[in-house]
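Below is one structure, written out as structure tokens; comments come after it.
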Amino acid sequence: IGSTILVRALRNGATPKVGDVITYNHETAVVTHRVTEIVTGEDGVVRYQTKGDNPENSPDPWLVELDAIRGVMVWHFAW
């Protein structure tokens, strides 16, 4: 909260990796959180576990699919 970020869309089949900060659509919100784990489901679909950077945050109770990701953070300025 209070930071300004620049997000770049994923390019030509690129996928996020653990440690990347991604911006994605979740229900009616746009969320920016860090990828903490890459999970391949029994259905073969790759999903991303995310978590906010606040040390008191727990992992998000949902997994993010690739088509929900708007992009990866490439620059930030904290207020």
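The values are calculated or read from the model by the stated rules, or taken from the named source; none is laboratory data. Bear in mind the structure is a predicted one, so any value in this text is a computation, not a measurement. Note that each Cβ is placed from the backbone with ideal geometry, even for glycine, and that neighbours are counted across all protein chains shown. Calculation scope for accessible area: heavy atoms of the full protein, side chains included, ligands and nucleic acids excluded. Shrake-Rupley method; radii C 1.70, N 1.55, O 1.52, S 1.80 Å.
Key figures
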{"quantity": "Percent of Cα-Cα distances greater than 21 Å, calculated over the chain", "calculated": "24 percent"}
{"quantity": "Accessible surface of the chain, 1.4 Å probe, proportion on carbon and sulfur as whole %", "calculated": "52 percent"}
{"quantity": "Amide H contacts of Leu10 (H built 1.01 Å from N, under 5 Å, at least 5 apart or other chain)", "calculated": "Val72"}
{"quantity": "Per residue accessible area of the chain, 1.4 Å probe, in Å²", "calculated": "70 Å²"}
{"quantity": "Karplus (6.51, -1.76, 1.60) ³J(HN,Hα), θ = phi - 60°, over region 53-59, in Hz, Gly and Pro reported as x", "calculated": "7, 4, x, 7, 6, 9, x"}
{"quantity": "Per-residue HN-Hα couplings for region 26-34 [Karplus 6.51, -1.76, 1.60; θ = phi - 60°; Hz; x = Gly/Pro]", "calculated": "9, 6, 9, 10, 10, 10, 10, 9, 8"}
{"quantity": "Local net charge near Thr40, Cβ-Cβ under 13 Å (Lys/Arg +1, Asp/Glu -1)", "calculated": "-3"}
